[in-house]
1. For the protein assembly as shown, go through all pairs of different Cα atoms, get the mean of 1/r, take its inverse, and jot down that Kirkwood value in Å.
2. May I ask for the Kirkwood hydrodynamic radius of the stretch D:103-216, worked out over all distinct Cα pairs and given in angstroms to one decimal?
3. Hey, can you grab everything whose amide H is under 5 Å from the amide H of D:D70? Only 5+ residues off in sequence or another chain; H modelled, so Pro and N-termini drop out.
4. Label position 7 Å from Cα toward Cβ: report the copy-to-copy distances for C:E255 in nm, one decimal, ordered from shortest.
5. Are there any trypsin sites (Lys or Arg not before Pro) in the stretch B:151-192 that are in a DSSP loop and have at most 14 other Cβ atoms within 10 Å? List them by number.
6. Can you give me the Rg/Rh ratio for the stretch B:26-107, using Cα atoms for both radii and the Kirkwood formula for Rh?
7. Quickly estimate the mean residue ellipticity at 222 nm for chain C, helices only: each DSSP H run with n ≥ 4 gives -39500 (n - 2.57), and the total goes over all residues, rounded to 500.
8. Put a point 7 Å out from Cα along the line to Cβ at C:S178; what are the distances to that point in the other copies, in nm, shortest first?
There are 4 protein chains.
Amino acid sequence: MSTIRIDMNSDLGESFSSWVMGDDAAVLQSVSSANVACGFHAGDPQVMRKTVALCKGGNVAVGAHVSYPDLQGFGRRNMGCSADEVYTDCLYQIGALQAFCAVQGLTLQHVKPHGVLYNQAAKDKVLAEAIAAAVKDAGSGLILMGLPNTESEKAALAAGVTFASEGFADRAYMKDGSLMPRSQAGSVIHDVAEVARRVVQMVTKGTVIAGDGTEVAFKPDTICLHGDTKEAVEMAAAVRKALEAEGVVITPLKEILAK
Amino acid sequence: MSTIRIDMNSDLGESFSSWVMGDDAAVLQSVSSANVACGFHAGDPQVMRKTVALCKGGNVAVGAHVSYPDLQGFGRRNMGCSADEVYTDCLYQIGALQAFCAVQGLTLQHVKPHGVLYNQAAKDKVLAEAIAAAVKDAGSGLILMGLPNTESEKAALAAGVTFASEGFADRAYMKDGSLMPRSQAGSVIHDVAEVARRVVQMVTKGTVIAGDGTEVAFKPDTICLHGDTKEAVEMAAAVRKALEAEGVVITPLKEILAK
Amino acid sequence: MSTIRIDMNSDLGESFSSWVMGDDAAVLQSVSSANVACGFHAGDPQVMRKTVALCKGGNVAVGAHVSYPDLQGFGRRNMGCSADEVYTDCLYQIGALQAFCAVQGLTLQHVKPHGVLYNQAAKDKVLAEAIAAAVKDAGSGLILMGLPNTESEKAALAAGVTFASEGFADRAYMKDGSLMPRSQAGSVIHDVAEVARRVVQMVTKGTVIAGDGTEVAFKPDTICLHGDTKEAVEMAAAVRKALEAEGVVITPLKEILAK
Amino acid sequence: MSTIRIDMNSDLGESFSSWVMGDDAAVLQSVSSANVACGFHAGDPQVMRKTVALCKGGNVAVGAHVSYPDLQGFGRRNMGCSADEVYTDCLYQIGALQAFCAVQGLTLQHVKPHGVLYNQAAKDKVLAEAIAAAVKDAGSGLILMGLPNTESEKAALAAGVTFASEGFADRAYMKDGSLMPRSQAGSVIHDVAEVARRVVQMVTKGTVIAGDGTEVAFKPDTICLHGDTKEAVEMAAAVRKALEAEGVVITPLKEILAK
């Protein structure tokens, strides 16, 4: 029987200037891939450089957490940018982060849109194509991380970009495999043991119990763990421990999604 | 008798958002290397992308015009950044521009500090070393452009970075080969024919007539032409014409300064 | 027969840092009210201070041209800000400009939303109310400038804020008095004499010839003249000359819209 | 015997976007004046509005904590701005904060330069005069807070601006009444009881024990308490308690420094 492997990812490097966000060093103990802010919603060159060095030290693969240019809104406001602007802004951010990876002898692994851009890319074909084009043009082998069965995935496939399906550790799912909207009660799961059980099921069995109780197919390539709260750090550790107890190997995306 | 070759450079891509600066298309007709703003003192991702495409179309080599993070002061205010911040900010900017070069199939040729950073790098050893380290770390073969016989040049040599000595077409020089301070009368030469004659002398004879009338050795690798005024466009064209009349070949730095 | 009075307004102070936009000194010769950028889409403290001083010298009333925080998009991108953010950002900008007015012994006359915020305020009740509330809260007597017969006007009236109906000198109108969308052919009128004739008709007769040829009632309190092109400066002068030839007095809004 | 009154001030509103700094609600329990960031080194319009509302609720007077425009450096980098730029940037920030005060029915009480600007204003006559001029021009009655016996104080007096001498609760002093440089051992006092004793001595006796053991005259108008650490909150509370135990009344500057 072959070993099951999964990637665990978290958002890192979201400090800015004198403001600290999250406990990156703690989160790094649990994940295998980091989505590093590139200065548009968080992060600044100093934070980026230090975060990449931290990732190298922890054998965590680095990805670019690209965003709308909106520090004041933390990338959570729809900017109404054109597809051309999104494409260009993504390239700028990816390039900047690549420079810090190169200094460390690392190769950038993936790109993940941040905040509202992530959600829009799932629904908006034109935006999804702009992001996929930037990932494609930024260099060979970059993986695009996104919601499965969405415009993001379609655009990646059409562009010849490797796509990593992302599952959320603490989110409830609908019968069709989509995320339960945050507006619905029960959309976010807070019980650590329950979260760990659900992730183990996704990873080892390829299913999830949807909000209506039905068991539906759901097999992500990477599991997203939040990293900006104390609880989140504990949750990440618990999920990792539960997976390892089942013999699952936590390893960066690039080792799972060979082209 | 071998052909004399020289690089002519100018600052390009200094527009920002809806604000246009300079006539890049016109300047591109005369120069062989462009110093492209990277969003810290001017330029934005859109402007950078378009400028790099323009450079490719004109067979002009691309360099990163790195600056303090100071859009409001156009990079002309001393920021009091630490050497560590300067190193990091340079890497960020270089990486961002490299992404746009990669999309066009171009390799970034050089780095030139902008504004007050350029002047400080000539005098401040620690700052000069920070910039040279960033150029070194950003990738093999990048050339650092700066004032000859300064801390910039020393730092480049110490770091194993190829240094390009820059001469200014319209500036007067002192007996020791340094720039005449702008505070002195006659420090900037406005007569186009006189400027062209002086550049031809620098390039073909390796000397310049200093402010006190003496002829001193001065042999730059690249000649800086300003690009943000109508007069400057004419001056660049006149200098190029005068050089070509003497059989000088205008060609990018990388073809002159083989490692 | 009483004298007809009208306000002419234009966007001023849209330079930023080293970038110049428009010929403010020339435009000031023709208008009676200036919409001064407050640093969010254009302008910076230096530009604001100088623009207010210029307005004082030209006896032109000062208004705050409030915008989304989007220098890179020049305030022309929908930011998806909440009504609360819009209210707060408006107050910030109004206060900053008031400081420069106070130094000159001037009182801020009006507020005009810029770019996409102007258009959204016409259609979006919640946004319009947020802007009207900021104008109300910023101090007694501030006038809100906007499109007539829209959510902007309704919100101003509901908040007890004096509203100034704006007409556009060079735009075509629909039968219902709304602006012809820019996507339609003929929506922008370029012929200076035609523009001047139309403005005279609006001001002296209170009507406009709509796109379908019908003459409809349209009586603005202020006429908007663009200021960022050479043609615009000539157009503003021509409109003023034509109005004055009919005995119309060009005077700031505050002298027309007494509370 | 008359009641002794003293002002206690702290820096508030230094959060930005999604980043939280300090525990403003806790600090407000102890101080009588707040130095509110104005968006240049920290704070944004939302944070400013909420902070002013918080101050009103706590009967704490509001001051503008003006800074160089340097979010990325938190206002701690020398920006090399001209005196004209400093004057103008101060007015912009003061005006913006005044708008939020006006909404709450409050009058801005004072201005305090932040970070490196505070230190430079103490030594640089031209910069000090620029700041004093901005405080003067921004409106009648604004108090300028600064280091006693410095260029700041001289400039305030020369400009006819009321000056508030500031003492630092946890800092050691030299024999001449100046701050012991942070580079010297013992320059920062960490023992809460010791800090409280020293403040009581300053306020009730008008002296401080200098680093060399001599007792020197030192009678500040306001005592600065840091607010961005857990320890600082406890220290502020301890200082207040110690002062009140001596019958000292903690009250805003404006009630102490009547013009």
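1. 31.5 Å
2. Values: mean 1/r = 0.0653 Å⁻¹.
After inverting the pairwise mean of 1/r, the radius is 15.3 Å.
3. Distant-sequence amide H within range of D:D70: D:H41, D:G75.
4. Relative to the other copies, C:E255 has label-point distances of 4.7, 6.6, 7.8 nm.
5. Numbers: sites: B:K154, B:R171, B:K175, B:R182; in loops: B:K175, B:R182.
Here the sparse-neighbourhood loop sites are B:K175, B:R182.
6. Ratio value, two decimals: 1.00.
7. Value at 222 nm, helices only, nearest 500: -12000 deg cm²/dmol.
8. Output for C:S178: 3.0, 6.8, 6.9 nm, nearest copy listed first.
The values are calculated or read from the model by the stated rules, or taken from the named source; none is laboratory data. This one's a predicted model, so the numbers in the text were calculated from it and none came from an experiment. As a convention, Cβ positions derive from the backbone with ideal geometry for all residues, glycine included, and neighbour counts pool all protein chains shown. Accessible surface is based on the protein model in full, side chains and every heavy atom, while ligands, DNA and RNA are left aside. Shrake-Rupley method; radii C 1.70, N 1.55, O 1.52, S 1.80 Å.
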